[in-house]
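Trainee: The structure is given below, and queries will be raised subsequently.
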Amino acid sequence: MSTDPSVTPAALSGEVHLPEKLADVEPVRSVRTPIRLEYDFIPGAASSGYLNAFADRKILGQRSPVDGAVFVPPRGVDPRHGAATPDYVELPDTGHVGGFCVTRLPIPGRDDLEIPYVSAWIHLDGADIGFLGLVAGIDTSEVRMGMRVRAVWKPDDQLGRTAENILYWEPSGGPDIPVTAAGTNAWHAKQITESEEQAAGEGR
Amino acid sequence: MRDIAVVSVAQQQQKALTHTTEVELMVPIINEARGAVGLTQDDIGFTCSGSSDFLAGQAFSFVHTLDAVGAVPPISESHVEMDGAWALYESWVKLQIGGIDTALVYSYGKSSPGSLRDVLCTQLDPYYLGPLWPDAFAMAALQARIMLESGAVSDQRLAEIAVRSLNGAADNPLAVRSSADAAVDSVLAEEPIADPLRPSDCAASADGGVAVVLAAGDRARELCERPAWIRGIDHRIDPHQPGVRDLTRAPSAHKAAVEAGAGNDRLDAAELAAPFTTQEHILEAELGLGSDTAVNASGGALAGHTMMAAGLMRIADAARQIHEGQADRVLGHAASGLFLQQNLVCVMEGE
């Protein structure tokens, strides 16, 4: 099947047979019915707190009331339990790469983005899930899971209430996080450590 | 057939939920409905929701809202792009099949970010009506004109329905439009907004959400002092193309009411999800409601119309009257589509 819009679909390429009384009427071979709907999005309570804090170079997460897991960006809920998360946690702008992808195709409308670029799940220190960011300041071939990074912020006079304040994440040096404890493994590694500590405590 | 009942309901509704996401809206509502009968998500056998991506302006928006449920470890779950009343129907079928004793049903609508009168055009056929982008109020006004000029209804009667809603809503904290002292004269004095429809003929648009817990048999009796037993539930649909329909009627509503057994006994109360007074008038006739039935004591959908939730809210309002002992036999109604194209009737009784 062709996806070229200039090629007439097979269903419309044959003769159109009209009833006699419509003989002089121009046949309708296709109709265009464009749809456009406009929406005014306003971030909810949790996202508003998150975005407003960005203007002060702060990254806010929220803590689960069930088990203390920290989510960033905050959504007002611990999605595993459907529990509201009213408490904010201020997080540092340092963390590690939990997973990444090297992209070699340009994004339409993002001429400022040089290819290849690296998009990554950034796991902030103190957070239990990752969020998306660009990694730069390093050759793409050297980016790796567990690599420690820190935020590169826009100059203070350009800060807005937006996550775009962070231009990208750059390597911050220091030893990598082991892959078994990096990214989405971090939470499970922490659970195992905690249960081992608990078992050791009960053994005493 | 298994005996299945509505055992818990919770809802919220406001004119516009400006600084609240759908997830933030639903977390307390779902927790209230489950919590009122001492259940957590682990106790729920099946979860089903109703909402529309066209309101959110975002594909798969309902997946976001699952965050409010707590879906870890994975749950048995489904979604309908329809009013939550149809999610309740799906859950009722699931309970009838067996293997589970409880279900959580919820739905929500936040139409304030967009223009509902335009968004509703997307429910029209894409070839003949859709491309004209007819305003939803204008379409309802076409129906109203046919009804008035054919003698199917009078201005006076429409105003009486509007007043019933305005007065009834005065005691309903969830209503977004109410007036204890509204009268037929004051409604008739309103300037039409889509001639011949006056503002009070058109439902007050609202944002909100509703959650309902269903339970079967003895489980329902354990959870609720007076369960609202679903004695009949049915939904039917009329043709999509309005040109082939008699717009003064809603045969699908009549059929659904008959199949649900609405007329088998006296109905104490009926809650109707009609977004226009004209359609509430049609429904009263099609459902066979007599003068001994209290219609829309809450103000109904006219007093606050949360798209995608208005029907489940009506069922919840009707069920609550059983729970609280105010009524013994009630009817909840939901509608979908243009000119009451699709209708669902749920008849509930107390023991």
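Trainee: Please identify the pairs in which a residue from segment B:306-324 that is among the charged types (D, E, K, R) has its Cβ atom under 7 Å from the Cβ atom of a residue that is open to solvent by 10 Å² or more (accessible area, probe 1.4 Å), counting only partners at least 6 apart or on another chain.
Mentor: B:Asp317/B:Ser298; B:Arg320/B:Val9
Trainee: Looking at segment A:18-47, which of its residues are more than 50 Å from the chain's Cα centre (by Cα) and open to solvent by 80 Å² or more (accessible area, probe 1.4 Å)?
Mentor: A:Glu20, A:Lys21, A:Asp24, A:Glu26
Trainee: Ok, one more. Within segment B:160-176, which residues are part of a loop (DSSP other than H, G, I, E, B) and of a type in the set (S, T, N, Q)?
Mentor: B:Asn172
Trainee: Next up: Checking B:Gly232 against (1) in contact with a Cys (Cβ under 8 Å, 6 or more places away or on another chain); (2) crowded, with 24+ Cβ neighbours inside 10 Å, which single condition isn't satisfied?
Mentor: Going through the list (1) in contact with a Cys (Cβ under 8 Å, 6 or more places away or on another chain); (2) crowded, with 24+ Cβ neighbours inside 10 Å, B:Gly232 breaks only (2).
Trainee: Let me ask another. Being assigned to a helix (DSSP H, G or I), more than 9 Å from chain A (Cβ to nearest Cβ) and over 16 Å from B:Leu340 (Cα atoms) is the filter here; which residues of segment B:118-138 pass it?
Mentor: Of everything in segment B:118-138, just one residue is assigned to a helix (DSSP H, G or I), more than 9 Å from chain A (Cβ to nearest Cβ) and over 16 Å from B:Leu340 (Cα atoms), namely B:Leu132.
Trainee: Now, a different point. Quick check: is even one residue across segment B:150-166 closer than 28 Å to B:His240 by Cβ, touching a Ser or Thr at 6+ places or on another chain (Cβ under 7 Å) and surrounded by fewer than 16 Cβ atoms within 10 Å (Cβ to Cβ)?
Mentor: yes
Trainee: Select the strands (runs of 3 or more DSSP E) contained entirely in segment B:1-89, then report the ones holding at least 1 residues which are open to solvent by 30 Å² or more (accessible area, probe 1.4 Å).
Mentor: Counting at least 1 such residues, we get B:4-14, B:77-80.
Trainee: Also: What is the one condition in (1) in the same structural domain as B:Val187 (by TED's automatic domain parsing); (2) closer than 19 Å to B:Leu340 by Cα that B:Glu149 does not satisfy?
Mentor: Failed condition: (2).
Trainee: Based on what the data block shows, is B:Ala68 out of contact with any Phe, Trp or Tyr (no Cβ under 7 Å at 6 or more places or on another chain), at pLDDT 95 or above and away from chain A (no Cβ under 14 Å)?
Mentor: Against the criterion (out of contact with any Phe, Trp or Tyr (no Cβ under 7 Å at 6 or more places or on another chain), at pLDDT 95 or above and away from chain A (no Cβ under 14 Å)), B:Ala68 does not qualify.
Trainee: Here is a further query. Select from segment B:90-119 the residues that are over 15 Å from B:Ser51 (Cβ atoms) and open to solvent by 10 Å² or more (accessible area, probe 1.4 Å) and list them in ascending order.
Mentor: Scanning segment B:90-119 gives B:Trp92, B:Val93, B:Lys94, B:Gln96, B:Ile97, B:Gly98, B:Gly99, B:Ile100, B:Asp101, B:Ser115, B:Arg117, B:Asp118.
Trainee: Identify, please: which residue in segment A:95-129 is hydrophobic (A, V, I, L, M, F, W, C) and more than 13 Å from A:Ala182 (Cα to Cα) and is, among those, least open to solvent (accessible area, probe 1.4 Å)?
Mentor: A:Val118
Trainee: Here's a follow-up. Quick one: how many residues across segment A:132-152 are in contact (Cβ under 8 Å) with a residue 12 or more places away in the chain and in a loop (DSSP other than H, G, I, E, B)?
Mentor: Selection size over segment A:132-152: 8.
Trainee: Note down all Cβ pairs under 6 Å where the first residue falls in segment A:62-78 and is more than 12 Å from chain B (Cβ to nearest Cβ), the second is among the acidic types (Asp, Glu), and they're at least six residues apart or on different chains.
Mentor: Filtered contacts from segment A:62-78: A:Arg63/A:Asp87; A:Val70/A:Asp128.
Trainee: Here's something else I'd like to know. What are the residues in segment B:71-117 that are more than 11 Å from chain A (Cβ to nearest Cβ) and among the aliphatic types (A, V, I, L, M), if any?
Mentor: Matches in segment B:71-117: B:Val80, B:Met82, B:Ala85, B:Ala87, B:Leu88, B:Val93, B:Leu95, B:Ile97, B:Ile100, B:Ala103, B:Val105.
Trainee: Tell me, which residue of segment A:133-159 that is in contact with a strand residue (DSSP E or B) (Cβ under 6 Å, 6 or more places away or on another chain) and either under 11 Å from A:Val118 (Cα atoms) or acidic (Asp, Glu) (or both) is surrounded by the fewest Cβ atoms within 10 Å (Cβ to Cβ)?
Mentor: That would be A:Gly137.
Trainee: If you don't mind, another one. Which residue out of B:Thr277, B:Thr293 is touching a helix residue (DSSP H, G or I) at 6+ places or on another chain (Cβ under 6 Å), open to solvent by less than 30 Å² (accessible area, probe 1.4 Å) and of a type in the set (Val, Ile, Thr)?
Mentor: B:Thr277
Trainee: Right, here's the next one. Looking only at segment B:18-55, how many residues end up being of a type in the set (A, V, I, L, M), within 14 Å of another protein chain (Cβ to nearest Cβ) and over 19 Å from the mean Cα position of the chain (by Cα)?
Mentor: 4
Trainee: Go through (1) crowded, with 21+ Cβ neighbours inside 10 Å; (2) within 21 Å of B:Ile315 (Cβ to Cβ) for B:Cys202 and report which single condition fails.
Mentor: Every listed condition holds for B:Cys202 apart from (2).
Trainee: Please verify whether B:Ala141 is free of Cβ contacts under 8 Å to residues at least 60 places away in the same chain, open to solvent by less than 60 Å² (accessible area, probe 1.4 Å), under 14 Å from B:Phe276 (Cβ atoms) and part of a helix (DSSP H, G or I), treating the condition exactly as stated.
Mentor: yes
Trainee: Is there a residue in segment B:316-331 that is over 17 Å from the mean Cα position of the chain (by Cα), closer than 22 Å to B:Ala159 by Cβ and open to solvent by less than 20 Å² (accessible area, probe 1.4 Å)?
Mentor: no
Trainee: Considering only residues of segment A:113-128 that are modelled with pLDDT of 95 or more and among the hydrophobic types (A, V, I, L, M, F, W, C), which is nearest to A:Gly61 (Cα to Cα)?
Mentor: A:Ala127
Trainee: Also, quick follow-up: Please state which of the following conditions A:His81 fails to meet, knowing it meets all the rest: (1) away from chain B (no Cβ under 14 Å); (2) open to solvent by 30 Å² or more (accessible area, probe 1.4 Å).
Mentor: So the condition that A:His81 fails would be (1).
The values are calculated or read from the model by the stated rules, or taken from the named source; none is laboratory data. Since the model is a prediction, treat every value here as computed from it, not as a measurement. Note: ideal-geometry Cβ built from the backbone for every residue, glycine included; neighbour counts use all protein chains shown. Surface accessibility is based on the protein's heavy atoms, side chains included, excluding ligands, DNA and RNA. Shrake-Rupley method; radii C 1.70, N 1.55, O 1.52, S 1.80 Å.
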